[in-house]
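Structure record follows, encoded as structure tokens.
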Amino acid sequence: MRLLAPAPGWTAQADVIVVGSGIAGLTTALQCRTFGLSVLLVTKASVDEGSTKWAQGGIAAALGDGDSPEAHEKDTLVAGAGLCDVDAVRVLVTEGPEAVRKLIERGAIFDKEASGEIALTREGGHLRNRIIHAGGDATGAEVSRALLAAVHNDPEIEVVENALVLDALKNDIGDICGVTLHVIGAGSRDGVGRAIAKAVVLATGGLGQVFAQTTNPSVSTGDGVALALRAGAKVADVEFIQFHPTVLWLGNNSEGQQPLISEAVRGEGAYLLDDQGNRFMKEIHPLAELAPRDVVAISIMRVMNKNHAQHVWLDVRHLEGFEKRFPTIYTSCIAHGINPLTELIPVAPASHYASGGVRVDLNGRTSVNGLYACGETACSGVHGANRLASNSLLEGLVFSARIASDIAANLPEFTEPVENVSRAILLDPSVRHDIQVSMSRGAGVLRSSDSLVRTSSDLTRIEDRTSAQPCVEAWETTNLFQLAQAILKAALIRQETRGSHWREDFPETSDQWRKRIVQQLDQTGYWTTGYQEVGNQ
């Protein structure tokens, strides 16, 4: 399949095309340059508007005294609820410390103790203090700043901003040899064009905008995963959408990106309270507020449903120096009329992170030759059914370096793309709101066969509302629709509760579902489903 779009009016070329400017995309571009490869870095808005800069918590790595990659691996496997690929996790935790040191070499500055050592804190699911952070709660912004500075200093990395990637280009044997994209701007590269390359790396981030409330920025419409689906690549684990438990509640009618209250706040000792002022997490999990995110999100939703409440409360009033440790969160609360030093903070779960995505091996290769994926766009197997806090930035660092090495070792010659004659699809932009509301209502934190079937019926009706007018809003909406289809199909198939996938009608975890659900689209739009045993690449 392909998006309905005008014929390309211009052509660009580089050894490697990297789509996305978060930690995964920027690191991939910089690592490719260490091998002397030219890079075209394509980003959807301005180069600093991806999800990375919004990351508050930090980066998890075994850097502290008494910590070890083995301990980090164990915590990751526990959070992943039996669906992690052990080999991928081992790569993550063993190569993670060196990847963090490389990031520091590139100019990232992290918070330090008075002794001069890097300050380490703890987040949910971690049994050790291993989270490094910057500016208290502005880690992502600092990481983005450092990597962008390095990218801007390299003349062999061409950055194309305000460019929405549309579809993959293939040569006559079906290998990926570039992409089509739409650039919003004036000059020779305006409108739809094509970029030719020896390899394409998708690092487009998340798909949080599938839901009505999310912590993701407006650009997070899953463009890379949707492109990969239309190119015939396998996707996996897409039913495992992590809902962040503590997102600032802004009212019933709030939609789009919501302010995040970092897990690190609970790591520093904040309490979750119900309407009666009770710390309900103490009765639910041994780690109380520091239980894995899926446990906390589900617990909050159940308390909300039981009390017919729209949110619960986060209490930070007893934390000394909160405004200095978490300046971004403090400022955000104040901006919304809440003084966290004297008042409780209203919070509720919102879509936060996609543990699944385009299925890749340990070197970031997808099932289609020439196409790579990393970061939140990819399903490397490290997160399993539920990502452990602060492993996402680490994944971007570790696997982007592996991708660059693999590309350099296996770089083909340039090839010319052939015309894509597969069926074109384009939905009317007006259905975006309907998709988001239906997905939040029926495929959110708590799911059931009834809720998922209702949402599937909604999508069937939405599918008829097509458009013949290509534009950014229509392309994004079509991407969101195809991703919603994939999420719903997998969520209906998985008849169990595991990690961040919670089925009210199948509340137990079942050994027969200790396998990965893999999906593909063919050229006619027909979906196929297969399974992978855990641990197999």
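Taking the conditions exactly as written (in contact with a strand residue (DSSP E or B) (Cβ under 7 Å, 6 or more places away or on another chain) and either surrounded by fewer than 19 Cβ atoms within 10 Å (Cβ to Cβ) or assigned to a strand (DSSP E or B) (or both)), does I109 satisfy them or not? So I109 fails the test. The condition of being among the hydroxyl-bearing types (S, T, Y) and outside any loop (DSSP other than H, G, I, E, B) holds for only one of S351, S367, that being S351.
Being among the hydrophobic types (A, V, I, L, M, F, W, C) and surrounded by 18 or more Cβ atoms within 10 Å (Cβ to Cβ) is the requirement here; does L397 meet it? For L397, the condition - among the hydrophobic types (A, V, I, L, M, F, W, C) and surrounded by 18 or more Cβ atoms within 10 Å (Cβ to Cβ) - is met.
Is at least one residue of the range 233-254 of a type in the set (G, A, S), within 30 Å of S38 (Cα to Cα) and not in a helix (DSSP H, G or I)? Scanning the range 233-254, I find at least one residue that is of a type in the set (G, A, S), within 30 Å of S38 (Cα to Cα) and not in a helix (DSSP H, G or I), so the answer is yes.
Collect the residues in the range 129-150 that are in contact with a strand residue (DSSP E or B) (Cβ under 6 Å, 6 or more places away or on another chain) and surrounded by fewer than 22 Cβ atoms within 10 Å (Cβ to Cβ), keeping them in residue-number order. N129, the sole residue that qualifies. Condition (residue is assigned to a loop (DSSP other than H, G, I, E, B), in contact with a Leu (Cβ under 9 Å, 6 or more places away or on another chain) and either at pLDDT 95 or above or not assigned by TED's automatic domain parsing to the domain that holds L273 (or both)) applied to the range 141-152: is it met by at least one residue? No. Evaluating K306 against the criteria (1) among the basic types (K, R); (2) over 30 Å from G96 (Cα atoms); (3) at pLDDT 95 or above leaves one unmet condition, (3). Annotation: I300 fulfils all but one of (1) over 26 Å from R387 (Cβ atoms); (2) in a helix (DSSP H, G or I); (3) in contact with a helix residue (DSSP H, G or I) (Cβ under 9 Å, 6 or more places away or on another chain); the unmet one is (1). Select from the range 247-272 the residues that are modelled with pLDDT of 90 or more and touching a Lys or Arg at 6+ places or on another chain (Cβ under 7 Å) and write down the one among them that is nearest to G530 (Cα to Cα). For the range 247-272, the residue satisfying everything is L272. Looking at the range 303-313, is at least one residue assigned to a loop (DSSP other than H, G, I, E, B), in contact with a Phe, Trp or Tyr (Cβ under 6 Å, 6 or more places away or on another chain) and farther than 18 Å from G57 by Cβ? Checked against the condition, which is being assigned to a loop (DSSP other than H, G, I, E, B), in contact with a Phe, Trp or Tyr (Cβ under 6 Å, 6 or more places away or on another chain) and farther than 18 Å from G57 by Cβ, the range 303-313 yields at least one hit. Only one of the numbered conditions (1) within 24 Å of the chain's Cα centre (by Cα); (2) under 20 Å from G124 (Cα atoms); (3) among the charged types (D, E, K, R); (4) surrounded by fewer than 21 Cβ atoms within 10 Å (Cβ to Cβ) is not met by D361, and that is (2).
Of the residues making up the range 35-45, one or more are surrounded by fewer than 21 Cβ atoms within 10 Å (Cβ to Cβ), at pLDDT below 95 and of a type in the set (G, A, S). For the range 31-38, the criterion of being under 23 Å from A231 (Cβ atoms), out of contact with any Pro (no Cβ under 8 Å at 6 or more places or on another chain) and of a type in the set (D, E, K, R) is met by no residue.
Looking only at residues of the range 460-481 that are out of contact with any Asp or Glu (no Cβ under 9 Å at 6 or more places or on another chain) and buried (at least 21 other Cβ atoms within 10 Å of the Cβ), we find that the one that is nearest to A443 (Cα to Cα) is L480.
For T27, the conditions (1) hydroxyl-bearing (S, T, Y); (2) at pLDDT 95 or above; (3) surrounded by fewer than 21 Cβ atoms within 10 Å (Cβ to Cβ) are fulfilled apart from (3). Applying the condition of being within 18 Å of A55 (Cβ to Cβ) and aliphatic (A, V, I, L, M) to the range 348-361 and asking which residue is modelled with the highest pLDDT yields A354.
Among the residues that make up the range 234-241, is at least one of them modelled with pLDDT of 90 or more and small (G, A, S)? Looking for residues that are modelled with pLDDT of 90 or more and small (G, A, S), one finds at least one in the range 234-241, hence yes. Tell me yes or no: at least one residue of the range 326-336 is in the same structural domain as E263 (by TED's automatic domain parsing) and in a loop (DSSP other than H, G, I, E, B). Scanning the range 326-336, I find at least one residue that is in the same structural domain as E263 (by TED's automatic domain parsing) and in a loop (DSSP other than H, G, I, E, B), so the answer is yes.
Per-residue answers, yes or no, for (1) β-branched (V, I, T); (2) exposed (fewer than 15 other Cβ atoms within 10 Å of the Cβ):
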| position | (1), (2) |
| --- | --- |
| R387 | no, no |
| I407 | yes, no |
| V437 | yes, no |
| D450 | no, yes |
| D458 | no, no |
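Looking at the range 492-527, which of its residues are among the aromatic types (F, W, Y) and in contact (Cβ under 8 Å) with a residue 60 or more places away in the chain? Of everything in the range 492-527, just one residue is among the aromatic types (F, W, Y) and in contact (Cβ under 8 Å) with a residue 60 or more places away in the chain, namely W502.
The values are calculated or read from the model by the stated rules, or taken from the named source; none is laboratory data. Small disclaimer: the values here were computed from a predicted structure and weren't measured. Don't worry about glycine lacking a Cβ; one is built from the backbone with ideal geometry, like all the others, and counts go over all protein chains shown.
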